[in-house]
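FYI, it's all coordinate maths here, none of it is from the lab. As the structure is a computational prediction, the values presented were derived from the model and not from experiment. Please note: Cβ atoms are built from the backbone with ideal geometry, for glycine as well, and neighbour counts cover all protein chains shown.
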Amino acid sequence: MSSLARYRQCLLNTYGRYIRLERSLSSSAVRRQQTVAATGEKSPDVEDVIIPKRISRSPTAVLDALASTVRRDFYSPPYVYIDDPETIPECLVDRKAYVLAKVSGQRAARYVMKRWPKNFDVNPIDPALEIPDIFKALTGPLAAADTEEGLRERIDLRLVTESFVSYQKNKQAGNDLSDDVVHNLLDLLCVYNSKDEECLLEEERLVTKTAASGSMDKIRNTWKDSGPAEEVFQDMKDPTLRACCSLIKGRAKYYQVDRAYELFRELEEKGMKPDIQTYNAIIIARSLMIHKAENKAEAIKELFQKIKGQGLSPTVETFNNAFVTMTYCSMADNYNAAVFVSSLLSEMYACGLEPTLATWYYIMRIVYRDNDCTSYALHEIMDHLEGKDLEAHHPDDLEFFSTAMVKVCVNLKDLELAYRIDNLLNYRNNYKLIGNHYLEGLYYNFYFKILCTFEQIDTIMEHYEKTVPYWFVPSFNSVHDLIEALELNEGYQYLPKIWTDMFSFRYNKQVKIMTPLCALLAKRKQNKSLQTQYRELVAGYYDIVKYDVMSLEERGDLDKLDSIRTVNAEELGYMCQVCLNSEDPQLARELFSFFLNYKQKIQGQYPEKTLESLVDQFIKEKNFQMCMCNLNDPFDADRQEALGLIYGLGYKSCGSYHGEDQITDGPDA
Amino acid sequence: MAASIGSFSTFSKWTCISQLLGRNYPIGYTCIVRHCSANAKENKKPASPTPDEVREWKKINWRAYATGRVRLQVPEDPDFPVMLIPGHSVLPQVLEKREQAKRPPMKLTQPRYRRMLPEQDWTDVWPTAHTFKWSVVPFPVRQGFVKPTESALPREKYGNAELMKIPNFLHLTPQHVQKHCAAIKKFCTPWPKALEDDTVCDKHFPLRVITRDYVADGPTMRDPRARFVTIQLKLSSLKLDEHAKDKFLKLVGDRYNKETDVLTLEADRCPVRKQNYEYTLYLLTALYHESWKQEPWEADQTEVDMIKFEWPLTTAKAKVLDTIIKIKQAQQEKGSKVPKILEDLPDTSSPDLIEKTEIIQEYKEVLSELYEHGEDVHQLEKYKNTTKKLLIGL
Amino acid sequence: MGDTDSCLEKSPKRGGCKFHTCSSLSSATQSSAEAFRKASESQKPKISVFRTSESNPVKHTLAHSGLYYKVESEEYNRYMKAGQHEKLHKMGIAFNEHCVMVREPALEIFECIRATDLSLPAIRYIIYGQLGAGKSVTLAHVMSFCGRLGWFVVHVPWFERFMKYPKEVQVSSHNKDRVDTPVECAEWLNYFKEMNAHLIPEVKLQHTYVWNRRESTEAGASLSELLEYGASRSKYAADVMGAVLKELRVQSSKGILKTLVALDGVNALWLPSKISRIDNRNLKYKPDELTVVHNLKKMLTNDWSGGAIMSIVDTRCSPVDQKESYMPRYLLTKEAIDMLEPHIPIHIQNYSDKEAQSCLEYFIDRKWIMKQEGLTMEGQREILFLSSQNPLEMYNVCSRW
């Protein structure tokens, strides 16, 4: 070994017996400054380096600051999709399928983790992911079921049935369980109604239509009357206030309202003071027991008095629950409900509580229940909310925007207000409050409805461009409205875009959509470039239709033409018209002959105007064969007249043996 | 030959093609031939075999057929039959091609960039670092290798893997930077006035610690790369005497940059950044203190161990002194004419004395310069002059 | 002392003679020849001085620097032929004469040798330079100089022959650890004999050499006897070589002889050989395990006096990854430098402007530059640029002109 290597080895060996010496490695003026402060002397050459104090910030403060610079880009698709034209779903079915596909993948993954938990590593150092139920599967309870420790673990892991089983085992074993555990168990059972429920995954909620909350149909008593919760409660020798409150809340949550109220009365008689959440639950329970709005109001007022009497202060939830109960009133009672609602609102303000979006939602539901009501409530609500950063605390908060838009469209019919709502929605981060796909669709459908009714086509299309197709795929009705608006405003230049969009949305099989569209296309002869575009569209559509029909024919299933709904006679006629307008007689002829071929199978009536144009065209071309084919069909009286005219013309023009032949073959005209 | 073939019971249905066509194959050439119908013979066109025949054939030759060695093909011309080889023979079959109508393709919506307005805010469209998205980037860009022989342009951006592989900075345009700076400004404090100059900074804050944070969208916020800690320090800020510095540099090796006088210590052996940081500080302290220590075996160093040119240890010194002694000896014994410079030296002078002479000092200077500055013609010329003076006296 | 008249006489006439004799050449060539003559004649007013008539290297001085002198064929065969680059040898044949340019490094060496007192320890000279700069030629020049002065010349033209694929390898009889290359040594002994044939007869051996139980060479025998013995008994050729070298050393130290040791590619002495070991085919012999190398290294030390040691360090000897620089300390190992300290490094540069000009004129004279363009100022400038005045490159570049 060379001496250098030996040297290094020796040094490395001596590290073991390294002794820390007090030599300073470097001098720092700051430290000197500190020593100056300590000793009171000043070193000669130090410059006063004053380093300002570090501004304390949270771990993600910088990232948050950077994130705040990003605003919403309208023309880009939601983050959930892969940003490529070929992968972004464009019709309603596809969007739902995309989300559900993702969800199914997640479910499959969860299944795998549940089934083979041993194959997965859970690193305790990593911050826990937001899927505790997965960890439930992976890190199952360690302690045995018949110990208190085991019971505690199961409660912590939210294993409802298992914890009840564990409780029973504990009882069997004769263990003395502490009060704390029993209360926790009771809480768990009350919250979950003694069953392990498979909750919806986050993305699944996007496509699941939530029932309009508060509708009376949803309210069914699902509480397990002799279930585990009750059993545990019974077992308690001396039920404490906490246990009673949990039971009340549980019962009320699952609409066992009578017994909930009963227990509540018991508590009151005993003189115990339930907490505010119990009161919140009782508000709903009580009002469900009463039917008339006035009485409901009375009951609620009473409860509020009690709250005040107990020295508790009502929370937002209290008031929201009160509002919800008002929505349970019938239509007839609605006026009373509305009156009470306004007093509730003022009471809320008096308590110094800020109404949430859910509050406004309930209010809107109550006030605008009747479609003819044109109250200014929504205007005031918008005044209140304008320019605010909104947050969601309750699922009903998400219903606000869609309901608002619906009410604007149906009740108020106010375009300005619609714009205000839209601005609020698009203000900063408020868009996340739009809710799931269904609510979003509802919102936009009504928004477009009102736009189409009142606005110019250019503005409509501007909004259309912004939202379609990433954020909103119009429903049939919306499309209908749009087409009407186009027709009304003569927005012919937008037709190609709408047409291609219809194909993207797979609406090309809908009679209601395609026929009016085709009619619009054919309505007027446009300028050259636009007309060529139209012709392209028509040609494309014709290709598809031709393929469909001919493939059916090949298979010999032409009878099924009705069921697959490819095209009807009107559309063919309009298409023909478009071709004629764009001076493409060949395609027109092709279309017409196609129609004639499959005339028996295709439904509908061929438009007159087209027939006339066709005849004109054929006369021009001196194509009498086609002319006669045209006329050979049994048509109504008007046409017969036209027929006669054309006969004469044709005869005159050609005046030939050929023409005679044809005429003699014709029907008795 | 026909008889021989006909006698095989299994091949009874087949007749030799060569017979039909009037050709003779050599004896012993057994082949599985196809059956030609009489009509075919007349028309001189091979008929396709009936399904029964095919089935029969397949039954017989299932092994060959299953391994895929045999394919069914149509022979084109009777005058030029396909050569039939045992085990690899060919049975003709006409493939029917159905005329299948093609469904007209659905048109896709336009890519996003076509609908972008010129006045849009790019910072909203491309907020974070992202792979190149062809449908979003609004300008035409081409990338790709084109062979010089082809005259095509490089590939467009649609589905261009090359553009996707390279990093792009579309998320860091000047507008982005402006916005980000404006957003982060609130966390900044003013720079201390006294630290305007780099040298002042170095003086007060000689230690530079480099750590890296990683942010990614994923299931976990941990990144194993975040544990790296690098420490940089200018060696001039450490108090080291000559021996200590030499030892320090030997210990540290490549981690020291001679040109910038910067020592870099990197640590990644611990799982946590804090641990790595403490480890680097420990390393630095240990190095510093160790280099001040002098171990007894350090005295055994030879020329090879040295970083710099150490005259006393070099063989050059020994050799040149030796040479001079020899010269002096020669002068003494043989009376040779010695170079002028060496004339004055006493005959039996010791090496130490010789060493102190001017010429040897000059020699030493020249050699050390040679080693310090590297070898080039200029240095060697100087060396040459000195040696000439020493050995020859020119 | 440039013999201008002789130049002027020689070149046109000679050129003319040459072309006239080749009457079978096509008319095209003839016409170009005419043109050539005219062109060269048109350049007559410029006095081209590139030759010197002094062919005795001993008499060469600075005044001769940059000029070509013609080496007598006998001297050439003796001293220069073996050591020359193949191309120069062929050039000499093509030109019908062997000319060497007198250059300053060689003159410097001459000066040094003249100024040295030979009773002092032998001085080592290391000649270094770029590829093709003229190191071997300088060495040859020095060898002929010393030869004229009556020195013994020990010349190893190229070590590769010993260290790379020798015809035969045998374990040395003298020392079991070492290995001989008998055939090559025998060849070298012959070469040595031819080179110093005029000096060998007077030399008598000072020591006795016992080869084996029966054979030995006594002290007092002549050197030629030893050489013959070595040439005939190739088994002992390497040892004979060693003996010869030893004799030269001893006798030079005593002042009886003078020896010049000229080694081309001396850095190969410290590089691993390419000879596979007899006992393990996968390994190669280290240099010190070869008898040849061992003996030659002894000559390189300055233990002996009465001579000089010229060595050339050449990048061509070094392995592929060590060819970045041509500096001696880069090419020689530390051990080598230690052995050779103190030495005089001599740098052979590319041609200076004067020398380059001289070279061009020589080529023109020798009709090496055939094209018209080569005779113009432009062309000559281009040649000088393309070759960057490197002697070998100039030869290469001009060979296309």
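Pull up all non-local amide H partners of residue C:153: gap of 5 or more, or a different chain, and H-to-H distance under 5 Å with H placed in the peptide plane.
Amide H neighbours of residue C:153: C:260.
Based on the Cα atoms of segment B:199-351, what semi-axes does the equivalent ellipsoid have, where each is the square root of 5 times one gyration tensor eigenvalue, given in whole Å with the largest first? Write down the numbers at each step before the final one.
Numbers: eigenvalues 604, 44, 39 Å².
Rounded to whole Å, the semi-axes are 55, 15, 14.
Please report the base-10 log of the normalised intensity I(q)/I(0) for segment A:153-216, using a Debye sum with one equal scatterer per alpha carbon and no solvent, at each q in 0.16, 0.21, 0.26 (1/Å).
Taking Cα atoms of segment A:153-216 as identical point scatterers yields -0.65, -0.87, -1.11.
Can you list, largest first and rounded to whole Å, the semi-axes you get for segment C:353-398 by taking the square root of 5 times each eigenvalue of its Cα gyration tensor? If you can, show how the numbers build up before the last one.
Details: eigenvalues 37, 26, 20 Å².
Equivalent ellipsoid semi-axes, largest first: 14, 11, 10 Å.
Please report the base-10 log of the normalised intensity I(q)/I(0) for segment C:242-401, using a Debye sum with one equal scatterer per alpha carbon and no solvent, at each q in 0.16 (1/Å).
So the normalised log intensities are -0.95.
Counting only other chains, and only Cβ atoms inside 10 Å, what mean value do you get across the residues of A:74-81?
Values: counts 2, 9, 8, 1, 0, 1, 0, 0.
Average per residue, whole number: 3.
Give the dimensionless ratio obtained when the Cα radius of gyration of segment C:313-383 is divided by 2.2 N^0.38 Å.
Against the compact-globule rule of thumb, the ratio is 1.68.
Per-residue mean of other chain beta-carbon atoms within 10 angstrom of the beta-carbon, peptide A:61-71?
Working: counts 3, 6, 1, 1, 7, 8, 3, 2, 12, 10, 4.
Neighbouring Cβ atoms belonging to other protein chains average 5 per residue here.
Would you calculate the volume per residue, in Å³, of the smallest convex hull containing every Cα atom of segment A:376-492? Mind showing how you got there, number by number?
On the way: hull volume 11.8 nm³, N = 117.
Looking at segment A:376-492, the number lands at 101 Å³ per residue.
Using θ = phi - 60° and the Karplus curve 6.51 cos²θ - 1.76 cosθ + 1.60, what whole-Hz ³J(HN,Hα) does each residue of segment A:52-57 get, with Gly and Pro shown as x?
x, 6, 5, 6, 6, 9
Tell me the angle of helix C:86-95 to the major Cα principal axis of chain C, expressed in degrees between 0 and 90 and rounded to the nearest ten.
Here the helix axis deviates by roughly 40 degrees.
Could you compute how fast segment B:110-242 diffuses translationally, taking Rh as the Kirkwood radius over C-alpha pairs and applying Stokes-Einstein at 20 °C with viscosity 1.002 mPa s? Give it in µm² per second.
On the way: Rh = 20.3 Å.
For these conditions, the coefficient is 106 µm²/s.
Give the Rg (one decimal place) followed by the Dmax (whole number) of segment A:207-359, computed from C-alpha coordinates and expressed in Å.
That works out to 15.9, 48 Å for Rg and Dmax.
Using +1 at the Cβ of each Lys and Arg and -1 at the Cβ of each Asp and Glu in segment B:195-301, identify which of B:218, B:289, B:235 lies farthest towards the dipole's positive end.
B:218
Which part of segment B:250-271 falls in the paramagnetic zone of residue B:282, meaning amide N under 11 Å from the point 7 Å along Cα-to-beta-carbon?
So the set is B:270.
Output wanted: per-residue J couplings in Hz (rounded whole) for segment B:128-136, from phi through Karplus 6.51 cos²θ - 1.76 cosθ + 1.60, θ = phi - 60°, x for Gly and Pro.
In residue order, the calculated couplings are 10, 4, 8, 4, 4, 10, 5, 7, 10 Hz.
Measure of size requested: the Rg and Dmax of segment A:477-600, with Cα atoms as the atom set and Å as the unit; please supply both.
That works out to 14.3, 45 Å for Rg and Dmax.
May I have the extent of the alpha carbons of segment B:305-391 along their three principal axes, as whole Å values ordered from largest to smallest?
Here the Cα extents, ordered largest to smallest, are 40, 26, 17 Å.
Sort A:484-493, A:110-119 by packing, meaning the average of other beta carbons within 10 Å per residue, with the highest value first.
Values: A:484-493: 16.7, A:110-119: 12.1.
So the order, starting with the most tightly packed, is A:484-493, A:110-119.
How crowded by other chains is B:306-319, given as the mean number of beta carbons from other chains within 10 Å of each beta carbon? Walk me through the numbers on the way to the answer.
Values: counts 1, 1, 0, 0, 0, 0, 0, 0, 3, 6, 4, 1, 2, 9.
The mean count of partner-chain Cβ atoms within 10 Å per residue comes to 2.
Let's test the formula: R0 of 22 Å, r as the Cβ-Cβ distance of residue C:282 and residue C:171. What FRET efficiency results, to the nearest 0.05? It would help to have the intermediate numbers written out before the result.
Working: r = 18 Å, r/R0 = 0.84.
The calculated FRET efficiency here is 0.75.
Mind ordering A:164-175, C:185-196 by average Cβ neighbours within 10 Å, highest first?
Working: A:164-175: 16.9, C:185-196: 20.1.
Put in order of decreasing packing, that is C:185-196, A:164-175.
Given H placed on each backbone N at 1.01 Å, which residues far from residue B:239 in sequence or on other chains put an amide H within less than 5 Å of it?
none
With +1 on the Cβ of every Lys and Arg and -1 on the Cβ of every Asp and Glu, and nothing else charged, how large is the dipole of segment B:305-391 about its Cα centre, in debye rounded to the nearest 20? Intermediate values should be presented prior to the final figure.
Values: 14 positive and 17 negative charges, 88 e Å.
Dipole magnitude for segment B:305-391 comes out near 420 debye.
Can you tell me the Rg and Dmax of segment A:60-110, counting just the alpha carbons, in angstroms?
Final numbers for Rg and Dmax: 15.1, 40 Å.
Where does the charge balance sit around residue A:515 when Lys and Arg score +1, Asp and Glu -1, over other residues with C-beta under 14 Å from its C-beta?
Net charge in that neighbourhood comes out at 0.
Sorted by mean Cβ packing within 10 Å, highest first, what order do the peptides C:134-146, C:369-381, B:250-262, B:227-239 take?
Numbers: C:134-146: 25.1, C:369-381: 15.3, B:250-262: 12.5, B:227-239: 17.6.
Ranking, from highest mean packing down: C:134-146, B:227-239, C:369-381, B:250-262.
What are the extents of the Cα atoms of segment C:78-173 along their three principal axes, listed from largest to smallest and rounded to whole Å?
Between the extreme Cα coordinates on each principal axis of segment C:78-173 lie 44, 41, 27 Å.
Along each of the three principal axes of the Cα atoms of segment B:113-188, give the extent in whole Å, ordering the values from largest to smallest.
57, 28, 16
Please get the size of the charge dipole for segment B:195-301, origin at its Cα centre, with Cβ charges of +1 on Lys and Arg and -1 on Asp and Glu, quoted in debye to the nearest 20. Mind showing how you got there, number by number?
Values: 17 positive and 20 negative charges, 89 e Å.
Charge dipole, segment B:195-301, about its Cα centre: 420 debye, nearest 20.
Across segment C:331-342, in residue order, what do the Karplus-derived ³J(HN,Hα) couplings come to in whole Hz, using 6.51 cos²θ - 1.76 cosθ + 1.60 with θ = phi - 60° and x for Gly and Pro?
7, 8, 6, 4, 4, 5, 4, 4, 5, 8, 6, x
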